[in-house]
Every structure is written in structure tokens, then in C-alpha cells.
Amino acid sequence: MSARLRNLLLVLVTLMCVVGIVSSRAERAEFTIRVAFLASQDDEDYIGAAAFRDSLQRQLGNRVDVQIYPSGQFCGNERECMEALQSGILEVHQTTIGGLAGLYGAAQVFDLPYLFANDEIAECVMDGPVPRQMGEAMLREGLGLRLMAIGNTGGWRSFATTEQRIARVADLQGLRIRTLPSALEQEMVRELGASPMALPFSEIYSALGAGMLAGTKNSIQDVMGMKFDEHIRHLFVDRHSYMAAIWWYSAVGWERLPADVQQAVRIAFTELAAATRKAAKEREAPALERFQQGGGTVDYMSEAQRAEFRAATAALRRWYVERYPGDWLQRVDAAVASCERGVKP
């Protein structure tokens, strides 16, 4: 037998063993939970998904088989993932606020710029009643999504630019800035005098390299993780929005789970959210250091600058209320005020 044939047989045997192990594990499990997202294995989303899987394994042993599909392996874009979730083909998926905007525009209230002063306030609000009430409203409207937890997917959004260093609102004048396909995010960029360009996350690098963009609204973790720093030279750390990661369970899939498994899943999502938040915080300082070591400049927003930028984007509150009637903004404002006083809403 030739060496080439022996190597081929070895590969085939190995593959058969792997398939056999996976199949055996799935056959032993009473329930399969597929977790899919578009971010890579180096992202906070994957860290959270792994924490979710480990928690269920500790609680339920082999009763549940959690399968994790990062990097678009299960569904290639946001629309495909949401449709799979709504149909029950997929059990768990994560979206950002901006990613959710096309399905439920009122959720953009949590992306109003400079709404949260720090992580503690943001986490207090996200763990409070308002997101839960919004999730219940979406469920009542038949969207097929059950909100399970809100974690973090990268820290905070700030302005990252290729050439123009940002110190004042006027410095953004005329710059083409990448945003999510969120009407509120795009309007914010316009209010600051820049030009929004909605692009998928996967297309930012090439757009920066081609000169189509002068900057983007991303966290330093994203800038470094996606190698945007090969084009981005300046970071203005204004932290205008908290990068909330909203984790959903398929409403159809949820009904397939018995009460005890549902309770275990709720606990697992609590651990997922905590893991993503911890990872986002721990990754920020090293990412900033690497960016500066590579020659990038980092400017932190002062209180005076924050006042200027808040004033420049204040009209967004009226913009939001005009498009999304109801009292969501009042509820969020009340929750923020309560958290700032140190009282859980």
C-alpha cells in the first residue's frame, strides 16, 4: 500500500471517529440547542456561548447537547439568522441594538448617544425591567423571539478615524462614517455633520482600505480584532453607546423544553451575560495599548467635550419620539435616573 493511500485511509478513519462521537453525543441528548452568531471565536459572543454550554452541562449533564456555530457557519447574515430563529430551526442567536432596529425600531432607544455614563449604569438598566418589558411586547406582537439576556459584545462604541483626529464636533464635518443599518445611528452621524454609510461588519476593513470610509463607530476591541488598525490611526474614546448583545431564544423552540430545562437555560443565560461583560472589560486596556504601540493616537473625551457632543445630538430624542410613539424613552430615562442614584429600577 502506498504512503499516499495510507494517509488517505487515516484521514477517513479519523473523520469517521469524529462523526461517530458527535452523533453519539447527539443521540444521548434529549434536547439539542443550536447557538449561532456572526462573530468569530475570538469574540465576546463566543466566550458567552461557551459559558452557556458549560453551565448547561454542569446542570443537566448529557440531557442537552449545545452546538455552537460562530462566524456565520449556521446562517450567513442577520436576516437568515433571525428567520431561522423565528421558524425554530435555530434555538439561540445574538443581535446588537442596531441589528434589531429593522425588526423592532423602538429598541433603538437604548442606542441614544451618551445615555449611560459607565458600565455600571448601563448594566443596571439592561438588567432592569425596561428591556424585559420590551421583550414581552415583542413576544406579544408575534415576532417569535424570547429575550433571555443582555450581555456585551465589544465594550463601547467610539469614533475611530483614518486621518482626521477628533476633538470637536466640527472635526467630523463631511467625514464618511460607517454605521450599522440603524436609522438612529445614521441620524446621529448626520447631526454631528458627518455622512453615514451603513455597511455590514465584514465589509468595513475593505471599505477603509479603499478610502470609501474616513472612519467608523466601533470599539477598540473591534478595531484591533478585525485589524482595522491597519487603516485606522486615531481613536476618540467618547463611548457614545454601550455595545449591548441581546440574546434570544426561539419562541417555537422554547415550547419544546420542559419546565426544568427552561429553568436551567435561564440560569445559563445569566452566566453567559456575565461572561461577555467580564471579557469586554478585560480586553479594552490591552487593545488600547496595542493600538498605541502601533502608532495610533488615543484621545479620551473630557467633560466639556461630552457636553458639546450631547448638545449636538440632543435632537435625536425628539427624532425618536416622533417615530416611535409610546413611553419607552420615559421608561429608560427613569431607569437611568434610578441607577444613577444607586437604586435598582
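Structure data summary
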| item | result |
| --- | --- |
| Contacts under 8 angstrom Cβ, first residue in the range 293-305 being more than 16 Å from residue 233 (Cβ to Cβ), partner outside any helix (DSSP H, G or I) and not aliphatic (A, V, I, L, M), 6 or more apart | 301/236; 301/238; 301/239; 305/168; 305/238 |
| Per-region count, the range 324-345, residues of a type in the set (Lys, Arg) and under 24 Å from the mean Cα position of the chain (by Cα) | 2 |
| Residue satisfying all of: in the range 167-191; of a type outside the set (A, V, I, L, M) and part of a helix (DSSP H, G or I); surrounded by the fewest Cβ atoms within 10 Å (Cβ to Cβ) among these | 190 |
| Any hit, the range 200-215, residues being crowded, with 20+ Cβ neighbours inside 10 Å and within 18 Å of the chain's Cα centre (by Cα) | yes |
| Pair list, Cβ under 9 Å, 6 or more apart: the range 319-344 residue farther than 19 Å from residue 114 by Cα, other residue surrounded by 16 or more Cβ atoms within 10 Å (Cβ to Cβ) and charged (D, E, K, R) | 344/127 |
| Options 221, 164: the member that is of a type in the set (S, T, N, Q) and more than 26 Å from residue 281 (Cβ to Cβ) | 164 |
| Selection count, the range 100-120, where residues are in contact with a Cys (Cβ under 9 Å, 6 or more places away or on another chain) and closer than 17 Å to residue 245 by Cβ | 1 |
| Selected residue [surrounded by fewer than 17 Cβ atoms within 10 Å (Cβ to Cβ) and either under 27 Å from residue 108 (Cα atoms) or modelled with pLDDT of 95 or more (or both)] from 239, 266, 233 | 266 |
| Qualifying residue in the range 145-161 (condition: free of Cβ contacts under 8 Å to residues at least 40 places away in the same chain and either surrounded by 17 or more Cβ atoms within 10 Å (Cβ to Cβ) or outside any loop (DSSP other than H, G, I, E, B) (or both)) | no |
| Matching helices (runs of 4 or more DSSP H) fully within the range 43-130 where at least 2 residues are touching a strand residue (DSSP E or B) at 6+ places or on another chain (Cβ under 6 Å), touching a residue at least 60 places away in the same chain (Cβ under 8 Å) and farther than 30 Å from residue 317 by Cβ | 44-60 |
| Members of the range 294-345 found to be touching a helix residue (DSSP H, G or I) at 6+ places or on another chain (Cβ under 9 Å), in a loop (DSSP other than H, G, I, E, B) and either surrounded by 16 or more Cβ atoms within 10 Å (Cβ to Cβ) or among the polar types (S, T, N, Q) (or both), listed by number | 296, 301, 313, 324, 345 |
| Residue match in the range 261-269 (condition: more than 20 Å from residue 132 (Cβ to Cβ) and either within 20 Å of the chain's Cα centre (by Cα) or polar (S, T, N, Q) (or both)) | no |
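Residue by residue, here is whether (1) closer than 29 Å to residue 184 by Cα; (2) touching a Ser or Thr at 6+ places or on another chain (Cβ under 7 Å); (3) surrounded by fewer than 19 Cβ atoms within 10 Å (Cβ to Cβ); (4) among the polar types (S, T, N, Q) holds:
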residue	(1), (2), (3), (4)
50	no, no, yes, no
56	no, no, no, no
64	no, no, no, no
68	no, no, no, no
73	no, no, yes, yes
88	no, yes, yes, no
91	yes, yes, no, no
101	yes, yes, no, no
105	yes, no, yes, no
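The values are calculated or read from the model by the stated rules, or taken from the named source; none is laboratory data. None of these values were measured; they are calculated from a predicted model. Neighbour counts are summed over all protein chains in view; Cβ atoms, including those assigned to glycine, are modelled from backbone coordinates with ideal geometry.
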